[in-house]
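For reference, the structure is listed below as structure tokens.
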Amino acid sequence: MDGLFQFAGFWLLYLAFATLAFWCWRRMFFWLERGSDVRRFFHMIGAVLLYTPAPITPESEFFAPVFVVLPFTALTSSVESAMYAVNWLIGGMVVGASALAIIQLSRWLSARMQTATE
């Protein structure tokens with residue numbers, strides 16, 4: 001984890017540009033209905049791809065975005081040696097899907113409570 005703090009300025013710069021990229025990602029799905037579950041799911045995928053870090057090698061303390069680590073490790077070494085990055089990507093997807101499920105549950109409960117009071 002020391003690699004995260006050693007390059008904190010660069011990570012903050014990456015965070016700023018990843019936020020800009022996420023804004024562009026969200027605008028790509030203008031053709032989907034606003035507030036639809038499919039649109040929220042695609043937004044979650046973009047957030048996971050942009051904001052999930054992975055170590056540059058399995059034992060490394062230095063991190064990079066997983067969408068960079070996975071293809072470059074697969075190209076320079078082998079697909080088998082890049083599987084550790086897939087675990088980080090799957091972990092990010094699980095966290096993102098869990099957050100999306102909690103948000104959807106809270107929306108459903110608030111809509112149900114609002115119709116019950118009317």
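What residue, of Trp23, Trp108, Trp31, is more than 11 Å from the chain's Cα centre (by Cα), modelled with pLDDT of 95 or more and not small (Gly, Ala, Ser)?
Values: Trp108 fails: modelled with pLDDT of 95 or more; Trp31 fails: modelled with pLDDT of 95 or more.
On inspection, the qualifying residue turns out to be Trp23.
Each residue in the stretch 34-63 was checked for being more than 13 Å from the chain's Cα centre (by Cα), of a type outside the set (S, T, N, Q), farther than 17 Å from Trp23 by Cα and not in a helix (DSSP H, G or I), and 7 pass.
Sub-8 Å Cβ pairs linking a first residue in the stretch 92-111 that is part of a helix (DSSP H, G or I) to a second residue that is among the hydroxyl-bearing types (Ser, Thr, Tyr), at least 6 apart or interchain, are Gly92/Tyr51; Gly92/Thr52, ordered by first then second residue.
Applying the condition of being surrounded by 12 or more Cβ atoms within 10 Å (Cβ to Cβ), free of Cβ contacts under 8 Å to residues at least 40 places away in the same chain and basic (Lys, Arg) to the stretch 1-54 and asking which residue is farthest from Ala101 (Cα to Cα) yields Arg26.
The values are calculated or read from the model by the stated rules, or taken from the named source; none is laboratory data. Every value quoted in this text rests on a predicted model; they were computed, and no experiment measured them. Please note: Cβ atoms are built from the backbone with ideal geometry, for glycine as well, and neighbour counts cover all protein chains shown.
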